[in-house]
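A.B. asks: So that we are looking at the same thing, I have put the structure below in structure tokens.
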Amino acid sequence: MIPLRARALEFRGASPASAEVIRVSLSADRPAIIKAQEGFVVGTGPVPEGFAWYLLGSVDDFQRLPIDARAVIAPAQTMFLGQGDVIAVDPLRKAIRVLYRGNSPYNHFLLTERCNNYCLMCSQPPRDVDDNWIVDEVLRAIQLVRRDAVEIGFTGGEPTLLGERFFELVQAAASHLPGTALHILSNGRRFSDGEFAAKLGAIGHHDLMMGIPVYSDLAHLHDHVVQADGAYDETIRGILALKASGVRVEIRVVLQAQTVGRLPHLAQFIARNLLFVDHVALMGLEPTGFARANMESIWCDPVDYAHQLSAAVKTLSGAGIRTSIYNSQLCVVPADIRPYARRSISDWKQTYLPECEGCEAKRECAGFFASVTHGRSRAIRPIVGAS
Amino acid sequence: MILSLASPFQRPVCRVAKFREAEAFDSSANAAYTMLPWRFTALDGNDRYVATNLVGEHLVLDRETIGKFARQELAPADPAYDELKARHFLIDDDTNVAVDLLALKVRTKLAPLANFTALHIFVVTLRCEHSCPYCQVSRANNDRGEFDMSRETALKSLDLVFRSPSPALKIEFQGGESLLNLPLIKLIVEEAKRRNETARRELAFVVATNLAVLDDEALAFCKAENILVSTSLDGPAELHNANRPRPGRDSHERAVDGIHRARGVLGHYNVGALMTTTSASLNQVKAIIDEYLRLDFGGIFLRPLSPYGFAIKTKSYAAYSRERWLEFYFEGLDYIISLNRQGFDFIEHYAAMVLKKMLTPLQTSYVDLMSPAGIGIAAIVYNYDGTVYASDESRMLAEMGDQTFALGNVHRDSFEDIMLGDALLEPLTQSFAGSVPGCSSCAFEPWCGADPVFHHATQGDPVGKKPLSAFCTRSMALFRGLITRMEADDDVRALFEKWANRA
Amino acid sequence: MATVDVRILATEPEILCELRALDKGTKAADADLKFRREVTDHQLRMAIEERTSGYRDLILGLAFSKTGLQGG
Ligand code: SF4
Ligand code: SF4
């Protein structure tokens, strides 16, 4: 686990102004104009002048800084920072936030904590706060992201609640990162307003995918999962409007007690009504946030829904829809649909169990969320003698 | 508040103050549901009914449920309620997005019609060295060329091909024996490709040939130009040769040899075969299928008896044969299902085409490369003499002296005259199944192609008197037979879904 | 397949029908049951058509007016 946020850090030489977004450099040899936008990670070597910030692993290094240098002492973070990472240094809150990691193929930006759904298993429980400052920070960060980044993501909360500023962000990604894919998680409801969808389409982002959850073929069951009456119809209309505007859509289904029972029905519903979507992701539960609090009522052991999952995958893939299983451990996925399982849990979140010792499928297996010790299948067994 | 969640595995109760229970979101019972357009037709004598919605999504329900639903008496707690709701037979206080989705599905179903004429058949010659009795069109093979398509006719026909708005164009060469006029085929392919450099359609070619005259030159050409070969194979040697006499009585041997040679050059799956069903076929469906298995084809198209040409002339298209055909068909289908159960991947194309309409939101189209040509309205035929027909069947009818479905001539008439003229539109609109009496209340109507040429040929009127029509009898039996098999067995349902997606 | 022929003998004061079996195997009771079912089914069909014709027009109207998505 790498800590991505840290508070109560010690700042030196900085007035408690608002946060500043900077790129991290481990290299001392930079043009002055670049140094002015970067933070230097102080190591054992000489400490150059001219960087906007100095990032220290220990108080002792303070002696070695140039006069008047602004510095933050963050032992736990500094050792993990790499060339090209983007961070926000926030003297006011005495914090630094890692916004982007240069050596990770996928980074996502949280755009807002507000949401108009209130999902039973939300891993990022919504808060109704004014967090417009986040947008400014992300807009700045996008400019500093490596131009060869493979993919970035926008999440929330519900990004579309930002209204015009949402388009501003997509526009920024399109313009600053012309080779980078953009994946946006949204509940899609706002796009039921066709004009809103058309506006997104009109940006013409080169590689955009909207990830939108649909939890049931029956409206009230979906509305229950997202705890919002009428959400289902809006989400479905949103998907139609997005596709009509030429925006690619991925349907995301979280596999939990409320969704797995009718999973084959949902798959048929998608094949009959939403055949034109670009991807369907069937996702194992990530037991954090509300999911943790509601675990007892939302958890269903993967071995108990293996049959439904298998039927759903066959219906979807049979209809020609690209289909993936995320966050699932291979040994509890029926063998015939294992090729659809992806190693989806990011390295820094991922772990295996002692039971996994000697498992031949470990390299392909998504494993477990490291943060979580509950919500694990009773049927984890190493796969040996590969069939 | 107590949170209790609907789950098939557990009914846990946990205390989470902020969340509302599932029932709180179910407004189904708040007010009466609103029925959306739907129809029902009896499935069998066991009180089972087939119900279909506006776009042909179906459910099998018992008579009592059908009655309750129709009378607005179905309770939301009834298990059928959710199924009807999920399949867009009703909307209620919970949701009405079904209206949008149905509209979209109607469009999807009709889209291929808007692109009409994706398949263009060129009859490059009527000459043939076979003399099949059921064939109405062929002429003796001689060198005089009066039954060959001319260069001018070919070029004028291509003008029409590229006027079709379809993004995918498939050009199929037929005869007679098409390969007897290879020079013209070459010219058409070359010219079509040249025009396509600017037209930019998805362009494909098929040569329909009996393979008897397939030489290395023709094969090399097909290979170089990426042309698929489709041939006739009626079954085992005895049946095939009886159907297709030629000097030497070796039609089957030549076909099989040609199939091997063509596969060797073009690739195994670039050679397709199509059977013609005659009364002699009716008692040997397994032998016919076995012949296709033996030659390692991925499937077979068990075709209906043709009411055209020889069949009608010789009165062999009698009611007896029609009823026998259904037995023939289902015996064959069940045999193929059992083959699949044993692990042989083998498809029956006729079922697959019908199942595609029944089980997917898509319309059956004949653009798919290996699918059989010449049925339905998706084809347009350019005869050797420049006459244009609405389908292969129409051409057969014309050869028998009935010009009803001749749309015009490439030398005299414009695209508008031909494609938007009365000869095509009238029978099409008249027979559009939804507007025909008898069909409008039939649950099978969304799956049922109206067949104007068939009805004209057999009853002298393109609409047809449905209850009497052999077409309707056959269609009903087919739909019922397919549904009964799916309802009885989940493996069959899975197999049928697979076929539907592949067709 | 038609197995029963129906003739309407009178419409006043009530509708009077005569059922005639077309093949000898058909029993009177079966024919009667079959006919009654046909009549109920027919009435249901008419009721459905009447109740749903508004939505049929609405959906077809939407289908042909909207631009965008089609052809899958
Ligand atoms: S034993 Fe562990 S590594 Fe192997 S498939 Fe199961 S969870 Fe994955
Ligand atoms: S032809 Fe027969 S099966 Fe087809 S729609 Fe009409 S009544 Fe139904």
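A.B. asks: On the basis of being under 23 Å from A:Leu263 (Cβ atoms), at pLDDT 85 or above and away from ligand 2 (no atom under 16 Å from the Cβ), does A:Ser317 make the cut?
C.D. replies: When the stated conditions are applied, A:Ser317 passes them.
A.B. asks: Tell me which helices (runs of 4 or more DSSP H) are completely within segment B:386-503 and hold 1 or more residues being of a type in the set (A, V, I, L, M, F, W, C), closer than 25 Å to B:Trp38 by Cβ and at pLDDT 90 or above, or say none if there are none.
C.D. replies: It comes to B:470-488, B:490-502.
A.B. asks: Applying the selection to segment B:50-80, what residues are charged (D, E, K, R) and facing chain C (nearest Cβ under 10 Å)?
C.D. replies: B:Arg63, B:Arg71
A.B. asks: May I ask you to verify whether A:Leu177 is without any contact (Cβ under 8 Å) to a residue 60 or more places away in the chain, more than 30 Å from A:Gln258 (Cα to Cα) and buried (at least 22 other Cβ atoms within 10 Å of the Cβ)?
C.D. replies: yes
A.B. asks: Please state which of the following conditions A:Glu151 fails to meet, knowing it meets all the rest: (1) touching a Phe, Trp or Tyr at 6+ places or on another chain (Cβ under 6 Å); (2) surrounded by 18 or more Cβ atoms within 10 Å (Cβ to Cβ).
C.D. replies: A:Glu151 satisfies all of (1) touching a Phe, Trp or Tyr at 6+ places or on another chain (Cβ under 6 Å); (2) surrounded by 18 or more Cβ atoms within 10 Å (Cβ to Cβ) except (2).
A.B. asks: A follow-up question, please. Which residue out of A:Val303, A:Val332 is near ligand 1 (Cβ under 9 Å from one of its atoms) and assigned by TED's automatic domain parsing to the domain that holds A:Glu113?
C.D. replies: A:Val332
A.B. asks: Of (1) outside any loop (DSSP other than H, G, I, E, B); (2) at pLDDT 95 or above; (3) closer than 18 Å to A:Ala319 by Cα, A:Asp217 satisfies all except one. Which?
C.D. replies: Checking A:Asp217 against (1) outside any loop (DSSP other than H, G, I, E, B); (2) at pLDDT 95 or above; (3) closer than 18 Å to A:Ala319 by Cα, the one that fails is (1).
A.B. asks: Ok, one more. Taking the stated definitions as given, is A:Leu242 in the same structural domain as A:Val226 (by TED's automatic domain parsing) and at pLDDT 95 or above?
C.D. replies: Here the answer is yes, as A:Leu242 does meet what is asked.
A.B. asks: Tell me, yes or no, whether segment A:345-361 has at least one residue that is more than 30 Å from A:Phe269 (Cβ to Cβ), among the basic types (Lys, Arg) and either more than 27 Å from the chain's Cα centre (by Cα) or near ligand 1 (Cβ under 7 Å from one of its atoms) (or both).
C.D. replies: no
A.B. asks: List pairs: first residue in segment B:202-227 and in contact (Cβ under 8 Å) with a residue 24 or more places away in the chain and assigned by TED's automatic domain parsing to the domain that holds B:Val256, second residue aliphatic (A, V, I, L, M) and surrounded by fewer than 18 Cβ atoms within 10 Å (Cβ to Cβ) anywhere in the structure, Cβ distance under 7 angstrom, at least six positions apart or on different chains.
C.D. replies: B:Glu202/B:Ala168; B:Ala204/B:Leu369; B:Leu219/B:Val265; B:Cys222/B:Leu266; B:Lys223/B:Val265; B:Lys223/B:Leu266
A.B. asks: Check B:Asn226, B:Asn283, B:Asn243 and return the single one that is surrounded by fewer than 17 Cβ atoms within 10 Å (Cβ to Cβ) and touching a strand residue (DSSP E or B) at 6+ places or on another chain (Cβ under 9 Å).
C.D. replies: Exactly one residue qualifies, and that residue is B:Asn226.
A.B. asks: Among the candidates A:Ser377, A:Ser317, which residue alone is more than 11 Å from ligand 1 (Cβ to nearest atom) and among the hydroxyl-bearing types (Ser, Thr, Tyr)?
C.D. replies: When all the criteria are applied, what remains is A:Ser317.
A.B. asks: Another one. Which one is modelled with the lowest pLDDT, of the residues in segment B:89-119 that are part of a strand (DSSP E or B) and more than 8 Å from chain A (Cβ to nearest Cβ)?
C.D. replies: Applying the first criterion (part of a strand (DSSP E or B)) to segment B:89-119 yields B:90-92, B:95, B:119.
Next, only the ones that are more than 8 Å from chain A (Cβ to nearest Cβ) stay: B:90-92, B:119.
Values: B:Leu90: 96, B:Ile91: 95, B:Asp92: 92, B:Leu119: 82.
The qualifying residue modelled with the lowest pLDDT is B:Leu119.
A.B. asks: Could you tell me whether A:Tyr352 is surrounded by fewer than 18 Cβ atoms within 10 Å (Cβ to Cβ), modelled with pLDDT of 90 or more and more than 16 Å from ligand 2 (Cβ to nearest atom)? Walk me through how you get there before you give the answer.
C.D. replies: Details: surrounded by fewer than 18 Cβ atoms within 10 Å (Cβ to Cβ): yes; modelled with pLDDT of 90 or more: yes; more than 16 Å from ligand 2 (Cβ to nearest atom): yes.
In short, yes.
Condition check ((1) assigned to a loop (DSSP other than H, G, I, E, B); (2) in contact with a helix residue (DSSP H, G or I) (Cβ under 9 Å, 6 or more places away or on another chain)) across all residues:
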{"position": "A:Gly50", "(1), (2)": "yes, yes"}
{"position": "A:Gln63", "(1), (2)": "no, no"}
{"position": "A:Pro66", "(1), (2)": "yes, no"}
{"position": "A:Ala76", "(1), (2)": "no, no"}
{"position": "A:Gly82", "(1), (2)": "yes, no"}
{"position": "A:Val89", "(1), (2)": "no, no"}
{"position": "A:Ile96", "(1), (2)": "no, yes"}
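A.B. asks: Among the strands (runs of 3 or more DSSP E) contained in segment A:229-338, which hold 1 or more residues that are within 14 Å of chain C (Cβ to nearest Cβ), under 24 Å from the mean Cα position of the chain (by Cα) and surrounded by 21 or more Cβ atoms within 10 Å (Cβ to Cβ)?
C.D. replies: A:248-255
A.B. asks: Restricting to segment B:26-79, count the residues that are within 26 Å of B:Leu104 (Cα to Cα), more than 33 Å from the chain's Cα centre (by Cα) and of a type in the set (A, V, I, L, M).
C.D. replies: Residues that pass the stated criteria total 1.
A.B. asks: Moving to a separate point now. Could you tell me whether segment B:141-162 includes any residue that is touching a helix residue (DSSP H, G or I) at 6+ places or on another chain (Cβ under 7 Å) and at pLDDT below 75?
C.D. replies: The answer is yes, given that some residue of segment B:141-162 is touching a helix residue (DSSP H, G or I) at 6+ places or on another chain (Cβ under 7 Å) and at pLDDT below 75.
A.B. asks: Against the condition assigned to a loop (DSSP other than H, G, I, E, B) and surrounded by 13 or more Cβ atoms within 10 Å (Cβ to Cβ), how does A:Cys365 come out, does it pass?
C.D. replies: Here the answer is yes, as A:Cys365 does meet what is asked.
A.B. asks: Every residue in segment A:186-218 that is over 15 Å from A:Arg237 (Cα atoms) and touching a residue at least 60 places away in the same chain (Cβ under 8 Å), please.
C.D. replies: Once the filter is applied, which keeps residues that are over 15 Å from A:Arg237 (Cα atoms) and touching a residue at least 60 places away in the same chain (Cβ under 8 Å), segment A:186-218 yields only A:Met209.
Residues are listed down the side, and each one gets a yes or a no for (1) surrounded by fewer than 17 Cβ atoms within 10 Å (Cβ to Cβ); (2) closer than 28 Å to B:Val354 by Cα:
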| residue | (1), (2) |
| --- | --- |
| B:Met35 | no, yes |
| B:Asp47 | yes, yes |
| B:Ala51 | no, yes |
| B:Gly56 | no, yes |
| B:Asp62 | yes, yes |
| B:Ile66 | no, yes |
| B:Leu74 | no, no |
| B:Asp78 | yes, no |
| B:Tyr81 | no, yes |
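The values are calculated or read from the model by the stated rules, or taken from the named source; none is laboratory data. Fair warning: this is a prediction, and the values are worked out from it, not measured in the lab. Glycine gets a Cβ as well: all are built from the backbone with ideal geometry, and neighbour counts include every protein chain shown.
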